[in-house]
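Engineer: Mind looking over this structure? Questions follow.
The values are calculated or read from the model by the stated rules, or taken from the named source; none is laboratory data. Computed from a prediction, not measured in an experiment: that's the story for all the values here. Using ideal geometry, Cβ is built from the backbone for each residue, glycine included, and neighbour counts are taken over all protein chains shown. Each accessible area value is taken on the protein alone, full model and side chains, heavy atoms only, with ligands, DNA and RNA left out. Shrake-Rupley method; radii C 1.70, N 1.55, O 1.52, S 1.80 Å.
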Amino acid sequence: MMKGVYVDVRVPDSYDLRVAAASLAIPQDAVACGKTAAWAHGLDTTALGPDELVGAHWTREPVDTVEIGDLRLTSPLATAVELAMRLPRPFALSAVDAFLHAGKADRWALRAASAAYEGRPGYSQSQDILRYADRRAASPGESWLRLRLIDAGFGVPDLQVRVTGPSSTYRLDLGYPKRPVDGRRLELEYDSDAWHSGRRAEVRDERRRGELEALGWRIISVRRTDLWGAYPALELAVGSFLCQHPRLPRRW
């Protein structure tokens, strides 16, 4: 369930189960914070880091808290700001995006709350993360992809772009619809292993790409290995289409 807390695999994951698990791992006089608080608030561990399980993170410092059952934990606002400051940049963005997407925090409220942390380690990073955070990001992979594009100097892409065709309406993960090149526009799709593996998914994705290309879009499909590999193939492919040299070397 979480590091040091075990539950029968037949028990389904739930909000209450996470709170109960965290209550067992956190001292009664302490406040759950960081990844533990984010997980208890409902975030998926994929958005928080490479580990499948979160550990017990807690504090006795005065912080903005909420109480859920027997668990005291940092509020969604305080948790999101802390993660924006402390996590590695890609996970900082995916965590804050996840809070926004779930409706547990508002970007402007986060930016206002972050002012209290000025001068602390990680404050500068948090301001970059909160500037780019967007509730429309539908998955951690989309957050990481967006950050790669921003870091490469291509600018902030549009998210959840709607494209209307003769018989279908498409929603594209992210792209640059306002920067056409020779009448074509660039769109990038994050294809997770969970939803884009297997022959049936490949056929479906290929048909969708063909339909969008017929509507004047250049589609670049991105997998997790493309984001976390060492070679900057993504930046070079995007730069080639946009006729722009990417900013290299990569920051992460």
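Engineer: Would you call G141 on the phi > 0 side of the Ramachandran plot and small (G, A, S)?
Structural biologist: no
Engineer: Go through A56, A22 for me and flag whichever is over 23 Å from R107 (Cβ atoms), open to solvent by less than 50 Å² (accessible area, probe 1.4 Å) and not in a helix (DSSP H, G or I). Please lay out each step first, then the result.
Structural biologist: Values: A22 fails: not in a helix (DSSP H, G or I).
Every option except A56 fails the conditions.
Engineer: For the list (1) of a type in the set (G, A, S); (2) farther than 17 Å from F154 by Cα; (3) in a strand (DSSP E or B), I need the number of the one condition that S167 fails.
Structural biologist: Unmet for S167, out of (1) of a type in the set (G, A, S); (2) farther than 17 Å from F154 by Cα; (3) in a strand (DSSP E or B): (3).
Engineer: Here's a follow-up. Filter the stretch 18-48 down to the residues that are closer than 27 Å to R89 by Cα and free of Cβ contacts under 8 Å to residues at least 24 places away in the same chain and list them by number.
Structural biologist: T45
Engineer: Among the candidates R209, R162, single out the residue that is open to solvent by 20 Å² or more (accessible area, probe 1.4 Å), modelled with pLDDT of 95 or more and either of a type outside the set (S, T, N, Q) or touching a Ser or Thr at 6+ places or on another chain (Cβ under 6 Å) (or both).
Structural biologist: R162
Engineer: Looking at L236, L172, L227 in this structure, which one is closer than 17 Å to A137 by Cβ, hydrophobic (A, V, I, L, M, F, W, C) and part of a helix (DSSP H, G or I)? Break it down into steps so the answer makes sense when it comes.
Structural biologist: Values: L236 fails: closer than 17 Å to A137 by Cβ; L172 fails: part of a helix (DSSP H, G or I).
None of the other options fit; the residue is L227.
Engineer: Please indicate, with yes or no, whether at least one residue in the stretch 86-105 is open to solvent by less than 60 Å² (accessible area, probe 1.4 Å), among the small types (G, A, S) and over 15 Å from the mean Cα position of the chain (by Cα).
Structural biologist: No, the conditions are met nowhere in the stretch 86-105.
Engineer: Would you mention how many residues in the stretch 59-78 are of a type outside the set (D, E, K, R) and open to solvent by 80 Å² or more (accessible area, probe 1.4 Å)?
Structural biologist: Result for the stretch 59-78: 1.
Engineer: Which of the residues spanning the stretch 173-191 are touching an Asp or Glu at 6+ places or on another chain (Cβ under 7 Å) and either farther than 21 Å from L236 by Cβ or among the basic types (K, R) (or both)?
Structural biologist: Matches in the stretch 173-191: P177 only.
Engineer: So which of A201, A152 ends up being surrounded by 13 or more Cβ atoms within 10 Å (Cβ to Cβ) and touching a residue at least 12 places away in the same chain (Cβ under 8 Å)? Don't jump to the end; show me each part of the working.
Structural biologist: Working: A201 fails: touching a residue at least 12 places away in the same chain (Cβ under 8 Å).
Testing whether each residue is surrounded by 13 or more Cβ atoms within 10 Å (Cβ to Cβ) and touching a residue at least 12 places away in the same chain (Cβ under 8 Å) leaves just A152.
Engineer: Please go through the stretch 155-186 and pick out each residue that is small (G, A, S) and without any contact (Cβ under 8 Å) to a residue 40 or more places away in the chain.
Structural biologist: Within the stretch 155-186, G155, S167, G183 qualify.
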